[in-house]
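A.B. asks: Next up is a structure, given as structure tokens.
The values are calculated or read from the model by the stated rules, or taken from the named source; none is laboratory data. Keep in mind that what you see is a predicted model, and the values were worked out from it rather than measured. Neighbour counts run over all protein chains shown; Cβ positions are idealised from the backbone, glycine included.
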Amino acid sequence: MALSPTRWRAPASAALALTLAAAGASAAFGESGGTDATAQPRQQPSCAADGFCEDFETQTGTEPSGRWAFEAADCTGTGTVAVDSEVAHAGTKSIRVDGGAGYCNHAFVGTALDDVAVDSGLYVRLWVRHTTELPAQHVTFLAMEDANGPSPQNDLRMGGQNAALQWNRESDDATLPAQSPAGVELSAPLPVDEWSCLEYQLDPASGQLQTWLNGESVEGLIVDDTPTQDVDQQWMNGGAWNPSPVDLRLGWESYGEGADTLWFDDIAVATARVGC
């Protein structure tokens, strides 16, 4: 999906206007994974010393603060980001994203990875909950800018297409898995109305990538050292790939159809797998 190369961060006043719109709209969920923020005792996520963990419990307002800030690539519209005090994986707070359909509804919360030795290998663990099945058209809910990319458009993006999880490389629009029926079958949908543990490993030295959903490796979301038809063959046809991610952004981009409401919580970033 070709995007404008312009990337900008909304000023605090714009971010506040966007987040306040969503601050009062949260609703508590029942036993299917979401929690009433007052109902579940806090359990600190495990975290390696060479990265960071985030449970958003120290957030004091509705606008993300500290290491996190509202971000929008290229343009923004009706999408909003807010600290939510009613729905959480554990504890009392999470990040809520109300993602709108159509281009220019980009809305993310992001942080730099300056304090993580990403060249040693990057492991990310996050808990995510959403309300609407992934659409047939391409959407993104996680992105990282690649400093080693070949063009101004260098995001590595995770989202969905054809109702299943996929990775997308913005520089050449390669997808993982290939969007053939066989490739899509090897991926997995992102469950709705329940918290899911999503993990991935990115090895910049080898360009290998592995993804887990609720502790299970997803066959269609693996880049290894052997091209596999319908999985990573197209991805590897682009040549050597040694990404250097400089940030982590969680939110929503829709390139056509597809609106969703998402919550993110209990994030762990490290150079070794933390697990769920």
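A.B. asks: Would a scan of segment 120-136 turn up a residue that is outside any strand (DSSP E or B), in contact with a Ser or Thr (Cβ under 7 Å, 6 or more places away or on another chain) and at pLDDT below 90?
C.D. replies: yes
A.B. asks: Looking at (1) modelled with pLDDT of 90 or more; (2) over 30 Å from Q208 (Cβ atoms), can you tell me which one V116 breaks?
C.D. replies: With (1) modelled with pLDDT of 90 or more; (2) over 30 Å from Q208 (Cβ atoms) applied to V116, the lone miss is (2).
A.B. asks: Of the residues W241, W212, only one is within 30 Å of A69 (Cα to Cα) and out of contact with any strand residue (DSSP E or B) (no Cβ under 7 Å at 6 or more places or on another chain); which?
C.D. replies: Answer to the check: W241.
A.B. asks: Which residues, counting only those in segment 218-276, are aliphatic (A, V, I, L, M), under 16 Å from the mean Cα position of the chain (by Cα) and not in a loop (DSSP other than H, G, I, E, B)?
C.D. replies: Residues satisfying the conditions are L221, L248, L250, L262, I267, A268, V269, A270.
A.B. asks: Taking the options G220, G207, G238, name whichever one is touching a residue at least 60 places away in the same chain (Cβ under 8 Å) and not hydrophobic (A, V, I, L, M, F, W, C).
C.D. replies: Residue meeting the stated conditions: G238.
A.B. asks: Keeping to segment 200-254, report how many residues are buried (at least 18 other Cβ atoms within 10 Å of the Cβ), out of contact with any Ser or Thr (no Cβ under 6 Å at 6 or more places or on another chain) and more than 23 Å from S120 (Cβ to Cβ).
C.D. replies: The number of residues fulfilling the criteria is 7.
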